[in-house]
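The values are calculated or read from the model by the stated rules, or taken from the named source; none is laboratory data. Not measured: the values here are computed from a predicted model. Cβ placement follows ideal geometry from the backbone for every residue including glycine, while neighbour counts extend to all protein chains displayed. For the accessible areas, the whole protein counts, side chains as well, though only heavy atoms, and no ligand, DNA or RNA atoms are used. Shrake-Rupley method; radii C 1.70, N 1.55, O 1.52, S 1.80 Å.
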Amino acid sequence: MSIAPEQVEAPARDAVLFKSSPVRTFVALFVLLMVSFALVAPIAALLGDGGAGNPWWQTALQAAVIAALAAGAYSYSTRGSLKTWVRISSGGLELAAQDSDPILLDWADIKHVTVRREGFKNLLEVTPIDLDRVHPVQGEEAGPPALAETPDGQSYTADLSEVWPSPRRLRRELAKYLPPDDPAAG
């Protein structure tokens, strides 16, 4: 069980919290499925024998029920319910990614931060100057967020695709504390 951001005291009063939202995931997937239906249904009707004679609204209602069930199942499944949160403040950057224990990095201990797109995902990469400067905030069960090898060195990574407010807002908050030449600051 991951630690919720509400269970951890913020390092400063000006903290801004970004956390995963199953509701946002549900809405995005539901809209995607309904748009797919709207694009595919007319083609299927033309290729088929004209359909079963049901009115269009009945077919759309059936598609909406199926889309709601599929989006709900994914949103609350194991993958969809992985908790990620990032808290940015003058006290540093806190990160708990995909059910990890939260960590805190002071701004002086961060070498590089990147927010980038990879396919349909938004990813956060935080490269500490030294892994020994990373402070565990609370918990010893799940361990720190995943590390990935990047051109800047070993970086903590987090999938921001389900994070609310948006990754764009996260970039703006990072820009307040990062040097102007850091790509995440722009």
Self-check item: Residues residue 21 and residue 108, FRET efficiency given R0 of 41 Å [Cβ-Cβ distance, rounded to 0.05]
Solution: 0.85
Self-check item: Neighbourhood charge, 14 Å Cβ-Cβ cut-off, centred on residue 153 and excluding it, Lys, Arg +1 and Asp, Glu -1
Solution: -4
Quiz item: Ordering 100, 166 from largest to smallest accessible area (1.4 angstrom probe), what's the sequence?
Solution: 166, 100
Quiz item: So which residue, out of 154, 62, 138, gets the largest mean-square fluctuation from a GNM of the chain using Cα contacts under 10 Å as springs?
Solution: 62
Self-check item: Reachable lysines, given that their alpha-carbon falls under 22 Å from the alpha-carbon of residue 121 and they are not under 8 places away in the same chain
Solution: 19, 83
Practice problem: Could you point to the residue in 61, 122, 12 farthest towards the positive end of the chain's charge dipole, with +1 and -1 charges on the Cβ of Lys/Arg and Asp/Glu respectively? | Solution: 61
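Scan the chain and note any complete DSSP helix (H) whose C-alpha atoms cover at least 20 Å along its axis and whose Kyte-Doolittle average is -0.5 or more. It would help to have the intermediate numbers written out before the result.
Details: long enough: 22-47 (37 Å, 2.25); 56-75 (28 Å, 0.93).
Qualifying helices, which must be both long enough and hydrophobic enough, are 22-47, 56-75.
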Quiz prompt | Net charge of Cβ neighbours under 10 Å - reference residue 83; Lys, Arg +1; Asp, Glu -1 | solution = -1
